[in-house]
Structures are given as C-alpha cells and as structure tokens.
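Colleague: The structure under discussion is supplied below as structure tokens; questions concerning it will follow.
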Amino acid sequence: KNSAKQVRILAILGDSAGIDIEADKRLLANLKDAQTVFLVEPQRRELNEQLWDNQGWDILFFAGHSSTQADGGSGQIYINPTESLTITQLKNALNEAIARGLQLAIFNSCDGLGLARQLADLHIPQMIVMREPVPDLVAQEFLKYFLTEFAGGRSFDVAVRKARERLQG
C-alpha cells in the first residue's frame, strides 16, 4: 500500500492551442493525497530542472499537443507554442526521474505512439499514451478513476486496470 505518502505529480501543460487543458488542471489541482507541481508552457530548461528534482516524482503528466514521426519510431511533445522536444532530448532527465522513483508517465496528447516507443526504451514502469486524438473527457475520466484508485492505496497495475474497466461503461 502506498497510502502512507503523498503521490507527487509533475504536470506539464504544454502548447494547448485548440484543446481544453483547464479541466485536466482542475482535476489535478483538486486531487486529495497528491502534491502536484504545474509547469505551464515551460521552457526546456525549466522542465529539465524539475525532472531532476531531488524528491523525485511518482507521476509525470503531459497535456498538450504531440506528434509521431512518419516512421512511427519517435515522437515529440510541444511544451510551449514555439518549442517541441523529443523523448531522446529528455532522456538523461527522465532516466534520473526514473531512478528517483518515477512510476508512471501519462501523455494526454494525441498521436502518442512514437512517444510510447521511445519511453519503452527508458523502462518507465508504466505509461499511458493516446494512440489517436481522444476526446478530452475520456482522458480526464481515465485520469480521475486512475488517481482515485491509486491514491486509495492500490498498486499502479491494479489502478490502471480498474480505470480502464470503468471507462468501458
């Protein structure tokens, strides 16, 4: 059970032209049993510094635009209106975050398969990416169900499974 400590979430709210990330932000801000740090349209340096944070993170959450290269092997996230990053560019910082306890990466952004392939190479214990554009509501409901289960003391695996099961309704 993990109920003894607060879940630490690093929430990156990237370039959000045309998508509603306010609901994600509200949901994360209102979670009990979680401490969430928000980076809104951060610069690369700011994101990098947070990933290296000494206390470590349990969950990395990204909402915004992303894309997968034509070959399907890599992807990028748009962290602000003028800058995008590949997972490779974040590799050292992500490896450090994983070493300090990062358990889950959630990319609430469309076309995320390239991201998933690159993240898999880093061996993040769990990841949730969206294969194609998803209605904001579905992603938000999933997150809410997952975090409710996880903050309630269930393991990551069980919390993910329960959240998926609940979405089928």
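Colleague: Please report, in whole Å, how far the alpha carbons of the range 1-71 spread along each principal axis, starting with the longest.
Modeller: On the principal axes, the range 1-71 reaches 43, 26, 25 Å in Cα extent.
Colleague: When DSSP assigns beta bridges and you keep just the ones with both residues in the range 61-169, what percent turn out antiparallel, to the nearest 5?
Modeller: Numbers: 7 of 14 bridges.
The antiparallel fraction comes to roughly 50 percent.
Colleague: Here's another thing I want to ask about it. Over the C-alpha atoms of the range 60-125, what are the Rg and the largest Cα-to-Cα span, Dmax, in Å?
Modeller: Final numbers for Rg and Dmax: 11.2, 33 Å.
Colleague: Right, something else. Among S84, S155, S67, which one shows the biggest mean-square fluctuation in a GNM of the chain, springs joining Cα atoms closer than 10 Å?
Modeller: S155
Colleague: What's the longest bit of the chain with no exposed trypsin sites (Lys or Arg not before Pro), using DSSP loop states and at most 12 other Cβ atoms within 10 Å as the test?
Modeller: The reported range is 33-130.
Colleague: Only Lys, Arg, Asp and Glu count, each charged at its Cβ (+1, +1, -1, -1), so figure out the dipole size of the chain about its Cα centre, rounded to 20 debye. Could you put the intermediate results ahead of the total?
Modeller: Working: 18 positive and 21 negative charges, 139 e Å.
In total the dipole reaches around 660 debye.
Colleague: Any idea of the accessible area per residue across the chain, 1.4 Å probe, to the nearest Å²? All intermediate terms of the calculation are to be shown ahead of the outcome.
Modeller: Details: 8430 Å² over 169 residues.
Spelled out: the 1.4 Å probe surface of the chain, per residue, equals 50 Å².
Colleague: Here's something else I'd like to know. Divide, for the chain, the radius of gyration over alpha carbons by 2.2 N^0.38 Å, where N is the residue count.
Modeller: Dividing the Cα Rg of the chain by 2.2 N^0.38 Å gives 0.95.
Colleague: Oh, and also: Identify, among L94, T82, L113, the residue whose Cα sits farthest towards the positive end of the charge dipole of the chain, taking +1 on the Cβ of Lys and Arg and -1 on the Cβ of Asp and Glu, with the dipole about the Cα centre.
Modeller: Going by the Cα projections, it comes out as L94.
Colleague: Quick one: pull the percent of accessible area on the range 57-148 belonging to carbon and sulfur, 1.4 Å probe, ligands and nucleic acids left out.
Modeller: 51 percent
The values are calculated or read from the model by the stated rules, or taken from the named source; none is laboratory data. All figures in this text were calculated on a predicted structure; none of them were measured in a lab. Every residue, glycine among them, receives a Cβ derived from its backbone with ideal geometry; neighbour counts consider all protein chains shown. Quick note on the areas: whole protein, heavy atoms, side chains included, nothing else; ligands and nucleic acids left out. Shrake-Rupley method; radii C 1.70, N 1.55, O 1.52, S 1.80 Å.
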